[in-house]
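The values are calculated or read from the model by the stated rules, or taken from the named source; none is laboratory data. Remember, predicted model here, so these are calculated numbers, not experimental data. Cβ: placed from backbone, ideal geometry, glycine included. Neighbour counts: every protein chain shown.
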Amino acid sequence: MRDDASSSDATARAPLFILETPTETVPETSLVHAKLCLLDTLGVGIAAHPMEAGRITREAALRLYGTSIAADQAPLMLDGRMASRAGAAFALATQTDNLDAHDGFAPTKGHIGCAVVPALLAAAHGMTGLSGRDALAAVVIGYEVAGRTGVSLHATVSDYHTSGAWNALGVVALAARLWGMGADQLREALGIAEYHGPRSQMMREIANPTMLHDGSGMGALVGLSAVAMAEMGFTGAPAITVEGDEVAGHWTDLGQRWTMEEQYIKPYPICRWAHAPIDAMQALRAAHRFGAGDIERIEIQSFHNAVQLFPVMPATTSEAQYSLPFAVAVMAAYGSISLDRISGEGLSDPLVTDLVGRTGMSAAQRHEDRFPAGRWADVAVTLRDGTTLQSEDTNARGGPDGPLSEAEIREKFLSYAAPVLGDERARRVEAAVLSLDEDGARFEAVSDLLIAPP
């Protein structure tokens, strides 16, 4: 990063990048990763459709965020009823956020796709003829802006804010690009979104898990609302996380370093902070072939924030997704973590309940030193015969250092989407998303499949 970067550079650079980067200059590798993140996020959103949080937020969108102006309407996914574009994005983003299996960006300690993908479906509604490649390019631009905004925010404030505080600006970038905003209006929209973005404290939600999760529903709502307000002449510039002198260095590589390719995709529907000990337990279990009944004690070492996760047996799906000992216990007992393990009868499983009570957690400085660039942990399992099995230091899978294969991502999508959509419709969505970067592909081939109820 350049030491001489200035706010005036960023003031010009960000709008030019958002509005004037030709689709054909976006790296193919970024478009491909955007396509896979889109598929993965849609799978999570589809799987979350039956959840109570999704049902509530769809009704809230209709009740609170509707509009009688047809040009400003968009359908609620897998529902078909019409809300405002901002309301439709809010509903799907909140729904997706409540199943913690969506992608993320390690330097921000948060998530982009769960706001940007719902915004894409809402913003692109009615844009007949939008090419698949242009839609993917808009996704990439949204991720690039959101990621740098998140890093800038956390570098300049003392509190750890939820993702909605900054992914709202990625939503602005995506919508402004799709709708052809002018640079002046875009600058106002970024400022409005930053000012109204929910700067809620993430660790409060970690300590007391609820449907609030990571604030991305409000991030999507604020982002699309900001664009509409700016179009009507409302002012709000500057966005200091984009234009401030103290953050200018985070924006100097815009258009050179493509952070889209650095997003991680989760193998488990659990907070990312718990993934390294889950993987460590999986490796120990595979190597030594013990069962839940063989375990006397589990000790987890990780970074400080990870060991603040919900420490006891969860009573709700929200708590289950933020519980480190629960997630590790499920892996120890069953060798995998499927959606049914974090809800319903999975929340009272006697094997898991017993193991949670046998699990301890502590922070290790070597793991803390590698956070947030990595999510590291190690696990020790003491068996009833007195044997202690120690894992290696383990970094969470799914990111650039240990990416999931396309086959794994597709398998995850089908396992999430097919129980809701049925296998045939889920495979049609999969095929439509994976062909978006082909010549002649249109985005409505995807979006049209996601309107009607299951």
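Here are the numbers for this structure:
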quantity	calculated
Number of positions in the range 57-91 that are of a type outside the set (Asp, Glu) and not in a helix (DSSP H, G or I)	16
Helices (runs of 4 or more DSSP H) completely within the range 237-338 that count 2 or more residues being assigned by TED's automatic domain parsing to the domain that holds residue 18	240-243
Residue satisfying condition, being in the same structural domain as residue 316 (by TED's automatic domain parsing), more than 18 Å from residue 297 (Cβ to Cβ) and among the basic types (Lys, Arg), within set 442, 370, 384	370
Selection status of residue 272, at negative phi and crowded, with 17+ Cβ neighbours inside 10 Å	yes
Residue match in the range 191-209 (condition: crowded, with 20+ Cβ neighbours inside 10 Å, touching a Lys or Arg at 6+ places or on another chain (Cβ under 9 Å), of a type outside the set (S, T, N, Q) and not in a helix (DSSP H, G or I))	no
Per-region count, the range 114-132, residues touching a Lys or Arg at 6+ places or on another chain (Cβ under 7 Å) and part of a helix (DSSP H, G or I)	3
Conditions (1) without any contact (Cβ under 8 Å) to a residue 40 or more places away in the chain; (2) surrounded by fewer than 21 Cβ atoms within 10 Å (Cβ to Cβ); (3) touching a Lys or Arg at 6+ places or on another chain (Cβ under 7 Å): number failed by residue 330	(2)
Which listed residue, of 79, 72, is touching a Ser or Thr at 6+ places or on another chain (Cβ under 6 Å), over 18 Å from residue 116 (Cβ atoms) and touching a residue at least 40 places away in the same chain (Cβ under 8 Å)	72
When residues of the range 357-389 are limited to those that are of a type in the set (A, V, I, L, M) and under 27 Å from residue 265 (Cβ atoms), the one surrounded by the fewest Cβ atoms within 10 Å (Cβ to Cβ)	373
Boolean, residue 212 is within 20 Å of the chain's Cα centre (by Cα), of a type outside the set (Lys, Arg) and surrounded by fewer than 23 Cβ atoms within 10 Å (Cβ to Cβ)	yes
Test result for residue 454, touching a helix residue (DSSP H, G or I) at 6+ places or on another chain (Cβ under 7 Å), exposed (fewer than 13 other Cβ atoms within 10 Å of the Cβ) and not in a helix (DSSP H, G or I)	no
Among (1) crowded, with 23+ Cβ neighbours inside 10 Å; (2) touching a strand residue (DSSP E or B) at 6+ places or on another chain (Cβ under 7 Å); (3) of a type outside the set (Gly, Ala, Ser), the one test that residue 42 misses	(2)
